[in-house]
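**Student:** Dropping a structure here in structure tokens format, bear with me for questions.
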Amino acid sequence: MNLSNIGPRMQVEASTTRTRQTIKPTSTFNQVLRGGAQVLLAGAEIASKVMGGSVLSAALSSARAQIGGPGAPSASGGGSDFDALRQVQEQSREMNVFFLDLQQRMQAENRRFTTISNVLKSRHDTARAAINNIRS
């Protein structure tokens, strides 16, 4: 940011030090949503086993198999619900870090614009006061 020529003509130049780029997500929204549904259904399935609802447990297991994705029960019985939960938590952490960085960059840009605005307003007010003093 350069504020030059403090005389009658003022030039304001704002320049960025890097180009703006969005970070490519490591997984699609569909994958994240599928992982969340898997974790939710796995918890419901476990709860239904504890409460003795074998029919409900079987239905939830079938629903998880239809959704597919990480943690879904397969024919061999593989897939860990805890791995799916860890993956969802890791993705959530990465998204939080990304959004925190984005928020900090937006705040820095807001501070730059506020500074320029305040300088221009002060300059305008000073010039207006000078003109009013000349008219008086």
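**Student:** Can you give the FRET efficiency for residue 26 and residue 120, using 1/(1 + (r/R0)^6), R0 = 41 Å, r = Cβ-Cβ distance, to the nearest 0.05?
**Tutor:** According to the calculation, E is roughly 0.45.
**Student:** Suppose each label sits 7 Å from its Cα in the direction of the beta carbon; what would the residue 127-residue 104 distance come out to in nanometres?
**Tutor:** Each label point lies 7 Å from its Cα, and together they span 3.8 nm.
**Student:** Explain nothing, just compute: Karplus ³J(HN,Hα) = 6.51 cos²θ - 1.76 cosθ + 1.60, θ = phi - 60°, for every residue of region 123-136 in order, whole Hz, x for Gly and Pro.
**Tutor:** Listing the rounded values in order: 5, 4, 4, 5, 5, 5, 5, 5, 5, 5, 5, 5, 5, 6 Hz.
Quick note: the coordinates plus some simple rules give every number you see, no bench work behind them. Nothing here was measured: the structure is a model prediction, and the numbers come from that model. Here the Cβ is made from the backbone with ideal geometry for all residues, glycine too, and neighbour counts use every protein chain on show.
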